[in-house]
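Below: one structure, written as structure tokens.
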Amino acid sequence: MEIQITLNGKIIKDHVEPDCLLIDWVRKHGCYSVKRGCETSNCGLCTVFMDGKPVLSCSMLAARANGHNVQTLEGLQEEAKDFVAFIADQGADQCGFCNPGFVMNTISLLRENPNPTDDEIRAYLAGNLCRCSGYEGQLRGIRNYLNHKNK
Amino acid sequence: MERKDYKSVGKAYRKKDSMQLLLGKPLYVDDITPDHALVVKILRSPYANAIIKNINTSIAKKVPGVVDVYTWEDVPKKRFTIAGQTYPEPSPYDRLILDQHVRFAGDAVAIIAAEDEKAAKKALKLIKVEYEKLEPVLDFHTAKDNPILVHPEENWTALCKVGADAKRNLVASGVDSHGDLDGVFKDCDIVLERTYHTKAYQQAMMETFRTYTEMDRYGRLHVISSTQIVFHVRRILSHALDIPKSRIRVEKPRIGGGFGAKQTSVCEMYPAFVTLKTGRPAKLIYTREESQIAASPRHEMEITVKLGANKDGTIRAIDLYTLSNSGAYGEHGPTTVGLSGHKSIPLYTGNLEAHRFSYDVVYTNHQAAGAYRGYGATQGIFALESIVNELAEQLGMDPTTIREKNMVREGMKMDAYYGEMANACALDKCLEHCKKMFDWDKKYPVRNMGNGKVRSAGVAMAMQGSSISNVDVGSATIKLGENGTYNLTIGAADMGTGCDTVLAQMAAECMDCSLDDVSVFGADTDVSPYDSGSYASSTTYLTGKAVEMACDDLKKQICTIGAEMIGCDVNDVIFNGKQVMTEDGKKSVSITDIAYKTQANSKYTGIGTASHSSPVSPPPYMVGMVEIELDLFTGKVDIIDYMAVVDCGIPINPALARIQTEGGIVQGIGHTLMENVTYDANGKPMESSFMQYKIPTRMDMGKLKVEFENSYEPTGPFGAKSIGEIVINTPGPAIAHAIYRATGKWYRELPITPEQIAMDLMEKESS
Ligand code: FES
Ligand code: FES
């Protein structure tokens with residue numbers, strides 16, 4: 001079927017199979033930041049924005065994004081840059097495989113709630129698994145970033 | 001001795017690849033390899049033990065887009081192991097790429113190569129297999145000397161003398177002892193004997209197993225894989241495919257986590273076989289399901305410990321027997337079991353007069369176990385630390401006091417640890433420090449919170465090793481570049497831990513330059529100097545030392561060239577990172593000019609290289625304390641605080657050491673409270689996805705606090721020992737202890753689930 005998606009600001013017209021998943025479609029279009037960590041909507045690695053809201057691209061058909069605006073970390077480099085430096089300072093990037101999904105969802109959190117408490121951060125990001133960092137360093141990084149921003 | 005004036009060592013630098021990782025750049029196998037590669041899929045056995053009577057692939061082969069389908073009849077018939085270990089491997093040669101005899105539900109039956117995923121999946125369904133079902137061996141207690149043999153085949157072999165015997169379902173068996181065990185037990189006031197049971201757990205690294213293969217421009221097999229062990233993979237593939245090692249090149253890009261899973265060559269042979277057969281690029285990406293059911297999880301172990309002590313808490317004798325479940329194949333079976341005794345018993349060297357450690361490792365029809373962070377030590381430490389807590393509670397002693405009384409201390413000879421000396425040991429300081437930080441005296445007493453919940457605390461100590469002594473090889477090559485910067489090339493694998501950065505910090509320290517002046521490359525079998533790979537807590541300790549030695553080598557060359565250029569004797573010059581000069585500073589030449597000199601009319605390479613092995617494996621030590629809140633109605637355990645103090649020698653990068661610790665603790669929490677690999681009555685795996693196999697989220701781990709107590713390891717680079725594995729060892733025993741304090745029941749089997757606790761509490765109430 002024919003679809004049209006605005007991917008990171010660029011309009012893309014494409015022919016897709018009806019069962020094509022959004023994750024496979026964005027990767028096919030060069031957005032390799034989007035990772036698959038499971039097939040069951042449990043890990044959050046595949047998070048992308050559709051019309052500005054985070055969705056799991058592994059459990060959404062590309063067809064459902066037809067006519068919508070899809071953003072991946074490739075399209076949010078500037079917004080991410082300042083923040084991720086604080087994660088890097090903690091060494092919490094580790095293997096990095098979960099990072100794009102985590103970064104995307106953190107951006108979404110901070111857009112919704114610019115000054116979250118630790119518990120609000122944990123709750124919002126609960127669906128973003130990380131097997132390496134033990135999460136605490138990610139939290140410290142976000143906290144330091146917020147302290148820096150609010151200075 | 002420890003020095004305070006280091007410029008790069010001991011600093012919390014960012015990882016060199018941080019920004020690339022955090023900004024989602026294409027760095028992993030599936031991001032950097034071509035999309036047009038053949039899609040490889042594996043047909044897997046539905047039965048735990050069966051013989052393939054007949055396999056018909058003709059319809060599957062006709063599916064448009066299917067290039068070929070391979071069965072056991074198509075593959076080489078020489079057995080090999082996929083365990084990433086130094087040759088000759090202690091693991092038995094019990095594998096074929098595809099075997100007529102399938103030995104667990106999920107074992108490979110056929111390989112499909114297709115132009116796209118859809119065709120491959122369609123073909124999967126169209127292969128017709130006729131199985132002769134055999135009775136499986138599913139209970140590891142009954143595996144040894146069971147009439148059903150997991151490996152009845154005649155060409156099964158074991159290269160090393162590890163007590164393996166396929167005719168008895170034995171992967172390994174042995175005993176090791178010191179002192180008059182029976183005599184000491186007789187003389188003890190108390191002898192406790194308990195049996196503990198730890199389960200198989202999946203490493204559950206976020207990037208599943210995956211490999212890309214192609215024929216390169218020289219007609220060699222080029223393998224790009226998510227692996228911790230490029231050199232071992234090259235050898236394993238050469239055995240599996242029966243082609244010379246010289247025809248294979250293996251490299252790894254960034255790796256999305258390993259934790260030991262990728263110390264086994266789980267999936268490389270399948271696409272490699274396809275590429276050899278078709279000449280075409282091929283790619284195999286394991287699904288999460290495959291990474292759950294046909295992977296390389298932790299060895300399930302049942303450990304019986306007998307502890308002899310005096311009334312005052314003096315621990316005098318330990319007898320430990322481990323039964324380990326290796327599953328259908330023997331990867332890492334003979335070696336993991338060793339750590340269950342060798343890296344637990346020495347913790348109590350203090351007053352230990354005698355010990356015995358014996359073990360059996362058995363084949364069953366479960367998925368094959370493998371290497372997982374902690375590698376047997378985790379299992380042994382759960383048992384030993386738990387029984388010491390039981391002893392303390394029985395004696396009415398504070399469990400930290402009993403440890404102070406018996407723990408290994410610096411300068412002691414550890415009879416249970418190959419007779420090695422504890423040259424660097426701050427375990428006593430870790431305990432003192434952790435007690436204070438955690439406020440043990442206040443938190444140890446059980447507190448009823450008045451809302452149906454109680455708070456309680458638990459403690460455990462741990463140790464591990466640093467590399468496999470007299471076996472592992474760490475290597476490094478450092479090359480002088482023209483503007484006085486350096487290229488460091490290694491064969492160890494940074495799997496996210498940050499070893500590229502840690503090793504570069506050491507190089508920067510040695511060469512007296514900034515961290516930015518050192519670029520790191522690894523790992524590629526065509527380019528890197530031989531290194532056993534990143535496992536056994538070896539990289540910082542062993543490869544780090546090799547970096548130091550390679551830098552010494554290069555510095556000598558720099559001084560020689562410099563001395564020649566300024567016309568004096570090499571013994572009269574010094575190198576300060578920027579220039580080579582005479583001691584009085586009168587004559588000098590810059591590092592840039594020296595670098596250029598290696599490129600014009602030169603007989604010097606400007607390359608330093610070194611390999612290193614260690615005769616010892618110095619243990620890091622650690623203490624963990626946990627406070628939990630237990631709901632007496634639902635049995636739910638919430639971790640409130642987990643605090644730990646670690647002695648990893650001198651931490652080269654404290655931020656990365658801390659993250660290692662935090663990550664290890666959270667994995668340990670998962671193993672203790674929720675994770676478990678189980679099978680139904682027919683041997684089918686139950687946890688095929690993250691729906692059933694729950695790993696901790698950020699809501700499950702409470703608050704972590706990690707600090708360090710430094711010791712100085714004389715054989716390590718800059719006094720360093722290891723950190724990567726030890727950190728997973730304390731949560732099991734510490735949390736089980738806290739749960740006992742809250743409920744009065746010792747849980748000797750993991751995981752300890754809310755259902756179980758709630759049912760036990762109900763039973764207690766009604767009785
Ligand atoms: S890939 Fe795991 S939630 Fe989408
Ligand atoms: S950094 Fe490896 S999974 Fe999060």
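The values are calculated or read from the model by the stated rules, or taken from the named source; none is laboratory data. Not measured: the values here are computed from a predicted model. Cβ coordinates were reconstructed from backbone atoms using ideal geometry, including for glycine residues, and neighbour counts include every protein chain displayed. All accessible areas refer to the heavy atoms of the entire protein, side chains included, with ligands and DNA or RNA removed. Shrake-Rupley method; radii C 1.70, N 1.55, O 1.52, S 1.80 Å.
Summary table
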| quantity | calculated |
| --- | --- |
| Sequence ranges B:613-621, B:444-452, B:234-242, ranked by mean other-Cβ count within 10 angstrom, highest first | B:613-621, B:234-242, B:444-452 |
| Convex hull of the range B:219-362 built on C-alpha atoms - directionally averaged projected area, nm² | 11.7 |
| Cysteines (scope chain B) whose Cβ has no counterpart Cys Cβ under 4.7 Å | B:Cys160, B:Cys188, B:Cys267, B:Cys425, B:Cys430, B:Cys434, B:Cys499, B:Cys513, B:Cys559, B:Cys568, B:Cys648 |
| Cross-link pairs beyond the 29 Å C-alpha cut-off, checked among B:Lys167/B:Lys199; B:Lys11/B:Lys429; B:Lys11/B:Lys703; A:Lys53/B:Lys41; B:Lys144/B:Lys405 | A:Lys53/B:Lys41; B:Lys144/B:Lys405 |
| Under 14 Å from the Cα of B:Lys721 - aspartates and glutamates, other chains or at least 8 residues apart | B:Glu2, B:Asp647, B:Glu709, B:Glu713 |
| B:Cys267 - accessible surface, heavy atoms, 1.4 Å probe, Å² rounded to 10 | 0 |
| Expected 222 nm ellipticity per residue - DSSP helices of 4 or more, -39500 (n - 2.57), all of chain B, to 500 | -8000 deg cm²/dmol |
| Residues of type aspartates and glutamates that A:Lys28 reaches as a straight line, Cα spacing below 15 Å, ignoring anything fewer than 8 places off in the same chain | A:Asp14, A:Glu17, A:Asp19, A:Glu74, B:Asp30, B:Asp31, B:Asp35, B:Asp116, B:Glu117 |
| Filter on B:Lys77/B:Lys133; B:Lys479/B:Lys555; B:Lys306/B:Lys343 - keep pairs with C-alpha separation over 21 Å | B:Lys77/B:Lys133 |
| Chain B: C-alpha gyration tensor shape, a/c 1.5 cut-off, then a/b vs b/c | oblate |
| The range B:3-53 shape via C-alpha gyration tensor axes, a/c threshold 1.5 | oblate |
| Loop-located GluC sites (Glu not before Pro) in the range B:550-636, at most 13 other Cβ atoms within 10 Å (DSSP) | B:Glu583 |
| Exercise: per-residue mean of other protein chain Cβ atoms within 10 Å, A:4-13 | 0 |
| Centroid-to-centroid separation of the range B:469-535 and the range B:321-395 [C-alpha atoms, Å] | 33 |
| Per-residue mean of C-beta atoms belonging to partner chains within 10 Å, peptide B:655-667 | 6 |
| Tensor-based shape of the protein assembly as shown (alpha-carbon gyration tensor, a/c under 1.5 rounded, otherwise prolate or oblate) | rounded |
